[in-house]
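J.: Encoded as structure tokens, here's the structure I'll be asking about.
Read-outs: derived from the displayed coordinates by stated rules, not from any lab. Just so it is clear, the structure is predicted and the values come from calculations on it, not from any experiment. Methodologically, a virtual Cβ is constructed for each residue, glycine included, from the backbone with ideal geometry; neighbour enumeration extends over all protein chains shown.
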Amino acid sequence: MAAFDAPDSLNALELPIRVASEVGPGQICLVGAGEYLPAMRPVDAQLLTLTPAAREGRTPRVICLPTAAGTEGQRVVSRWMRMGIDHFTALGADAVALPIVDHRTAADAGHEATLAAADLVYLSGGKPPHLLDSLRDTSTWRGILTMLERGGVLAGCSAGAMIMGSHVPGLALTTTMRAGFGLVPGAMVMPHFDELFGRFAALATLRAPPGSYLLGIDGGTGLIIGTDGWRVLGVGRVVVDDGGARRELRAAARG
């Protein structure tokens with residue numbers, strides 16, 4: 001993991017970033033924006049090296065889920081599926097996409113074993129409330145958790161990243177904050193931090209529940225978190241604000 005080496009001052013940072021016990025030996029990757037675009041190739045290539053397949057010397061099995069865009073019509077869903085397959089195939093993976101677009105399709109019992117056997121599951125962007133409602137208490141989510149228990153990787157971009165925190169802010173930041181899946185305990189994940197959400201960071205921090213913290217992620221940037229710590233990849237920043245000093249982390253930072 002020499003690619004992630006960083007100065008001692010960064011390694012010594014005491015930050016609240018951690019994963020929940022449900023993640024087991026698996027790893028989470030939170031992406032601010034840019035899924036399946038050329039800028040994300042270096043980040044996603046690194047993710048593939050962290051999969052069980054890489055450790056076992058076989059081709060990684062990647063499953064792309066367009067669920068967050070499930071309300072946007074078949075044309076949009078199909079585009080996300082195609083982009084995911086093309087992106088990860090070009091990186092040398094065995095990539096497929098499942099047409100899981102709502103709670104009914106996510107509850108299909110057949111998806112559990114398929115997702116459990118994956119090496120990497122990628123949740124692309126869209127609407128966070130729809131993604132939460134679609135995946136909660138479903139075979140799809142149980143399959144993802146089993147994949148993590150096997151040491152797999154769960155990556156989420158934009159809405160896909162937001163649902164992994166404990167708290168999910170509304171897009172307007174005036175709507176009620178919802179409970180996320182809590183795979184990153186205490187975190188309120190704010191993607192597109194260099195584009196949109198960064199402008200509302202102070203308001204979001206004021207509205208955050210006690211004990212929570214803001215985790216802002218720029219586009220083209222991924223934050224990988226596992227039981228062995230966290231690391232930043234990509235071209236932008238990860239901003240951490242837990243009510244104290246605001247800290248900005250960039251590529252090669254780890255803790």
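J.: Counting just the residues of region 80-115 that are surrounded by fewer than 19 Cβ atoms within 10 Å (Cβ to Cβ) and among the small types (Gly, Ala, Ser), which one comes out nearest to PRO66 (Cα to Cα)?
T.: Ranking the candidates gives ALA107 first.
J.: In addition: Any residue at all in region 91-101 that is assigned to a helix (DSSP H, G or I) and either more than 20 Å from the chain's Cα centre (by Cα) or not small (Gly, Ala, Ser) (or both)? It would help to see each step written out before you state the result.
T.: Taking region 91-101 first, the residues assigned to a helix (DSSP H, G or I) are none.
No: zero hits.
J.: Moving to a separate point now. Can you give me the number of residues within region 15-38 that are within 12 Å of the chain's Cα centre (by Cα) and of a type in the set (D, E, K, R)?
T.: Final tally of qualifying residues: 1.
J.: Looking at region 46-79 only, could you name the residues that are hydroxyl-bearing (Ser, Thr, Tyr), part of a loop (DSSP other than H, G, I, E, B) and crowded, with 20+ Cβ neighbours inside 10 Å?
T.: From region 46-79, those hydroxyl-bearing (Ser, Thr, Tyr) are 49, 51, 59, 67, 71, 78; that's our starting set.
Subsequent filtering for residues that are part of a loop (DSSP other than H, G, I, E, B) retains 51, 59, 71.
Answer for region 46-79, where residues must be hydroxyl-bearing (Ser, Thr, Tyr), part of a loop (DSSP other than H, G, I, E, B) and crowded, with 20+ Cβ neighbours inside 10 Å: just THR51.
J.: Which ranges mark the strands (runs of 3 or more DSSP E) fully within region 112-189 that have 1 or more residues being touching a residue at least 60 places away in the same chain (Cβ under 8 Å) and in contact with a Gly (Cβ under 8 Å, 6 or more places away or on another chain)? Walk me through how you get there before you give the answer.
T.: Details: elements: 120-123, 153-157, 165-168.
Hits in region 112-189: 120-123, 153-157.
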